[in-house]
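Step one of this worksheet: look at the structure below.
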Amino acid sequence: MREELLKIIERNSRIDLKELAVILGVEEMDVVNELQALEEQGIICGYHTMIDWEKTSIEKVSALIEVRVTPQRGQGFDNIAERVYKYPEVTSVYLISGGYDLLVTLEGKSLKEISGFVSDKLSTLDSVLSTATHFILKKYKDHGTILTKKYEDTREKVSP
Amino acid sequence: MRDMLSKQAVGLKPSGIRKFFDIVSEMDDAISLGVGEPDFDTPWHIRDEGIYSLEKGRTFYTSNSGLMELRQEICNYIKRKQGVTYDPQHEVLITVGGSEAIDIGLRAVVNPGDEVLIPQPSFVSYEPCAIMAGAVPVIIELKEENEFRLTAKELEDAITEKTKILILPFPNNPTGAIMERKDLEEIAEVIRKHDILVMSDEIYAELTYKEKHVSIVEMEGMRERTILINGFSKAYAMTGWRLGYACGPREILEQMTKLHQFAIMCAPTTSQYAAVEALRNGDEDVREMSMAYNQRRRYLLNAFREMKLSCFEPFGAFYVFPCIKEFGMTSEEFAERFLAEEKVAVVPGTAFGDCGEGYLRISYAYSLDNLKLAIGKLADFVERLRQQDKKHE
């Protein structure tokens, strides 16, 4: 049940427990226990809401920043990653294989705010060698959800 | 001009679905639960392979039997799933959907007056195809008390010395019934005893929710007398690509290939390239879709239990077949009133044979949200009918 449960709530964390039990073909108590276990084991780390901020009147700018750093003896990249992810405006930090080391995603109110963060805070860290900032112009798909188009059922209404 | 038309063609009953379709298509805001095809898009990597084949200019006929590459993949697939071996050179034919295989398969084996056994409720094409092939369709009425499976007794009772072939439509459209290994073993014995052929339409093979699909060709002595039909429409959500196939003994496939060659030439080339990709890398897609169907199936069965609507538990395809006999209406009346009053389309069971009377086919090839909306309306409708009945008493 675990994989199936995770797949369902990854898509829709607001699904009703009773309904979840029905579609998984198990008892409601089993679902409650499994969810609790998944939370305790840190497999479920949170429940978020996907918001297309573009459609609101609230100004938001996001950027992806490639960061090259010098790893530290005994610590590798963990220390520097922690220094970066502690900033609240940083929404994710990944260690990446290839041409650079950390991929940082950032959310701010304006271009200025983001460029300010990069020049004042990120670039000035000792182990940061270089940064390259990419502003996001449009989100087509996020977390497996297509944002630009609505699903339309184009099938014939009745077929054998 | 006198006698412009073929009496045989004119004599065919129009599909019961067609009539209903005409009513529904005039209603813009109707919600439908009447669709017999997946709601998923064809997985992108499969579509991409089709597009790529067009870019590469693979726009010519393939051999009559279909791309060798695809036939080989089909043989690998059947070997993997059923443990049965077919020779891609002589025992596989790529067709335009499973439907073409039904048509030419029957025409390849029957002579005028031969009887074709057709268990019903079942897909709408078997009976007309049998008639157009010059055969006599003999209907076996499946029973809800047997979960709409075909029993050895029912089969035995229907066989005469004219019986040529049995059509075996499982997992079943419209009932969702499956045949498990023990069911197949029992009927295989009858088939061997009477020395008849089988056409096993396994288009829903990938969509079973109990044990893994079992094919009649796995039973002793069955491979050499069975036309096995399958395709890509349901498993890979590829209905519009029109691609199916038939496997069977070389003698039969040779005749089928001849008919196919004269009527069709070859199945669509683009679709064939896409299908190779489906068989090579599509297992995970099938698993995901089948998981989603199963969730919806459980949702519907639970909803029927809650509204106390009688429905046997189907373990295949993407249909449920609830019984509406308690309301004292024909299936068609029920479906028409439900559509008029709640604007939800379901298909009357009678569209799949007279013995579908008293049942509805409800498809769960819809998102859960859609199903919830429609089932809420069904619950209201059912409740209203029951209240009306009470008043009349």
Q) Which members of segment B:280-312 meet the condition of being in contact with a Phe, Trp or Tyr (Cβ under 6 Å, 6 or more places away or on another chain), within 20 Å of B:GLU147 (Cβ to Cβ), of a type outside the set (A, V, I, L, M, F, W, C) and outside any helix (DSSP H, G or I)? A) none
Q) Consider B:THR42 against the criteria (1) within 29 Å of B:PRO128 (Cα to Cα); (2) among the hydroxyl-bearing types (Ser, Thr, Tyr); (3) buried (at least 19 other Cβ atoms within 10 Å of the Cβ): it satisfies all of them except one. Which criterion is unmet? A) (1)
Q) Would you call B:THR239 within 28 Å of B:THR270 (Cα to Cα), in contact with an Asp or Glu (Cβ under 9 Å, 6 or more places away or on another chain) and not aliphatic (A, V, I, L, M)? A) yes
Q | segment B:269-322: number of residues that are within 19 Å of A:GLU3 (Cβ to Cβ) and among the basic types (Lys, Arg) | A | 4
Q) In segment B:347-364, which residues are crowded, with 24+ Cβ neighbours inside 10 Å and not in a helix (DSSP H, G or I)? A) B:VAL347, B:PRO348, B:TYR359, B:LEU360, B:ARG361, B:ILE362, B:SER363, B:TYR364
Q. Quick one: is A:ARG68 in contact (Cβ under 8 Å) with a residue 60 or more places away in the chain and farther than 23 Å from A:LEU147 by Cβ?
A. yes
(Q) Any residue that is of a type in the set (Val, Ile, Thr), under 24 Å from the mean Cα position of the chain (by Cα) and within 12 Å of chain A (Cβ to nearest Cβ) - is there at least one of those in segment B:349-358? (A) no
Q: Give the residues of segment A:46-79 that are of a type in the set (Val, Ile, Thr), under 20 Å from the mean Cα position of the chain (by Cα) and surrounded by 14 or more Cβ atoms within 10 Å (Cβ to Cβ), sorted by residue number.
A: A:VAL61, A:ILE65, A:VAL67
(Q) Condition first: in a loop (DSSP other than H, G, I, E, B) and within 14 Å of chain A (Cβ to nearest Cβ). Now tell me which residues in segment B:9-27 satisfy that. (A) B:LYS13, B:PRO14, B:SER15, B:GLU26, B:MET27
Q. Is it the case that B:LEU33 is within 12 Å of another protein chain (Cβ to nearest Cβ) and either under 30 Å from B:GLU284 (Cβ atoms) or surrounded by 14 or more Cβ atoms within 10 Å (Cβ to Cβ) (or both)?
A. yes
Q. Taking A:LYS139, is it basic (Lys, Arg) and over 15 Å from the mean Cα position of the chain (by Cα)?
A. no
**Q.** helices (runs of 4 or more DSSP H) completely within segment A:1-116 that count 3 or more residues being out of contact with any Lys or Arg (no Cβ under 6 Å at 6 or more places or on another chain) and more than 14 Å from every other protein chain (Cβ to nearest Cβ)
**A.** A:28-40, A:78-85, A:111-116
(Q) Whether any residue in segment A:121-140 is within 30 Å of B:SER32 (Cα to Cα), loosely packed, with under 14 Cβ neighbours inside 10 Å and more than 12 Å from chain B (Cβ to nearest Cβ) is what I want to check. (A) yes
Q) If you scan segment B:28-53, which residues turn out to be hydroxyl-bearing (Ser, Thr, Tyr) and assigned to a strand (DSSP E or B)? A) B:SER32
Q. Taking segment A:98-155 only, how many residues are at pLDDT below 90 and on the phi > 0 side of the Ramachandran plot?
A. 2
Q.
When you scan segment B:186-193, do you find a residue that is buried (at least 19 other Cβ atoms within 10 Å of the Cβ), closer than 11 Å to B:LEU117 by Cβ, β-branched (Val, Ile, Thr) and under 15 Å from the mean Cα position of the chain (by Cα), even just one?
A. no
**Q.** Filtered residues of segment A:31-45 (kept if farther than 30 Å from A:PHE117 by Cβ and either in contact (Cβ under 8 Å) with a residue 40 or more places away in the chain or surrounded by fewer than 14 Cβ atoms within 10 Å (Cβ to Cβ) (or both))
**A.** A:VAL32, A:ASN33, A:GLN36, A:ALA37, A:GLU39, A:GLU40, A:GLN41, A:ILE43
Q. In segment A:141-160, how many residues are away from chain B (no Cβ under 14 Å), in contact (Cβ under 8 Å) with a residue 12 or more places away in the chain and either in contact with a His (Cβ under 9 Å, 6 or more places away or on another chain) or exposed (fewer than 11 other Cβ atoms within 10 Å of the Cβ) (or both)?
A. 1
Q: Say whether the condition of being within 12 Å of chain A (Cβ to nearest Cβ), among the charged types (D, E, K, R) and surrounded by 19 or more Cβ atoms within 10 Å (Cβ to Cβ) is met by at least one residue in segment B:50-73.
A: no
Q. When residues of segment B:54-85 are filtered for being free of Cβ contacts under 8 Å to residues at least 24 places away in the same chain, among the polar types (S, T, N, Q) and outside any helix (DSSP H, G or I), how many remain?
A. 1
Q: Look at B:TYR77 and say whether it is closer than 21 Å to B:THR239 by Cβ, within 14 Å of another protein chain (Cβ to nearest Cβ) and not β-branched (Val, Ile, Thr).
A: no
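The values are calculated or read from the model by the stated rules, or taken from the named source; none is laboratory data. In this text the structure is predicted, and so the values were computed from the model without any measurement. So basically every Cβ, Gly included, is an ideal-geometry build from the backbone, and we count neighbours across all protein chains shown.
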